[in-house]
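Peer 1: The following block contains the structure, expressed as structure tokens.
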Ligand code: SME
């Protein structure tokens, strides 16, 4: 059987994540499950996880469920790749983190990353999904489409 394409893997993962999360209302459980299944599926992922908008201070993102090495605890909205994606309310792909002004280096092995917002029904950002790779230029339009589709089903609202 031919190997699955990346787009096919994302489509399969979305079906798996949606099936496992069916009926689960706890948001931490939803984020943790998605981080685990995504992290296990792809060799080009090094750090996979969520930064959530802090309900006590919506100008800050605070680390949520993740798979990987120690992540920074807090990122101001507007700072770093995560904060930029939250501020712009759109996916940000950074092919070379050293060329991104204000990149926050939680782990110096990270070379490239993609950050996709998780939006609520009102179009507000609830969290961002951050995926980092130790390879340069690891993420493309297929990763963007796959992660945006997965993030669209993650909020229990
Ligand atoms: N590189 C990110 C920070 C988060 S971690 O790498 C886990 C950024 O600039 O937003």
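What follows is calculated from the coordinates using simple rules that are stated; it is not laboratory data. Computed from a predicted structure; not experimentally measured. Neighbour counts are summed over all protein chains in view; Cβ atoms, including those assigned to glycine, are modelled from backbone coordinates with ideal geometry.
Peer 1: Take residue 105 and tell me if it is near the ligand (Cβ under 7 Å from one of its atoms) and assigned to a loop (DSSP other than H, G, I, E, B).
Peer 2: yes
Peer 1: Kindly indicate which of 83, 78, 122 is outside any helix (DSSP H, G or I) and within 12 Å of the ligand (Cβ to nearest atom).
Peer 2: None of the other options fit; the residue is 78.
Peer 1: Condition (residue is more than 7 Å from the ligand (Cβ to nearest atom), more than 20 Å from residue 35 (Cα to Cα) and either touching a strand residue (DSSP E or B) at 6+ places or on another chain (Cβ under 8 Å) or touching a residue at least 60 places away in the same chain (Cβ under 8 Å) (or both)) applied to the stretch 60-74: is it met by at least one residue?
Peer 2: Yes, some residue in the stretch 60-74 is more than 7 Å from the ligand (Cβ to nearest atom), more than 20 Å from residue 35 (Cα to Cα) and either touching a strand residue (DSSP E or B) at 6+ places or on another chain (Cβ under 8 Å) or touching a residue at least 60 places away in the same chain (Cβ under 8 Å) (or both).
Peer 1: Can you name every residue in the stretch 39-59 that is within 12 Å of the ligand (Cβ to nearest atom) and over 15 Å from residue 116 (Cβ atoms)?
Peer 2: 46
Peer 1: Checking the conditions here, which among 132, 143, 137 is within 8 Å of the ligand (Cβ to nearest atom) and either outside any helix (DSSP H, G or I) or touching a residue at least 60 places away in the same chain (Cβ under 8 Å) (or both)?
Peer 2: 132
Peer 1: Of the residues in the stretch 108-119, how many are more than 8 Å from the ligand (Cβ to nearest atom) and in a strand (DSSP E or B)?
Peer 2: Counting residues in the stretch 108-119 that are more than 8 Å from the ligand (Cβ to nearest atom) and in a strand (DSSP E or B) gives 6.
Peer 1: I need the full set of residues from the stretch 11-28 which are outside any loop (DSSP other than H, G, I, E, B) and either within 26 Å of residue 110 (Cα to Cα) or touching a residue at least 12 places away in the same chain (Cβ under 8 Å) (or both), in order please.
Peer 2: 11, 13, 14, 16, 17, 18, 20, 21, 27, 28
Peer 1: Counting only residues that are surrounded by fewer than 22 Cβ atoms within 10 Å (Cβ to Cβ), in contact (Cβ under 8 Å) with a residue 60 or more places away in the chain and closer than 24 Å to residue 28 by Cα, how many does the stretch 106-123 have?
Peer 2: The number of residues fulfilling the criteria is 1.
Peer 1: Do you know which residues across the stretch 89-102 are in a strand (DSSP E or B) and more than 10 Å from the ligand (Cβ to nearest atom)? Spell out how you get there, then give the answer.
Peer 2: The first filter runs over the stretch 89-102 and keeps only residues in a strand (DSSP E or B), leaving 92-94.
Matches in the stretch 89-102: 93 only.
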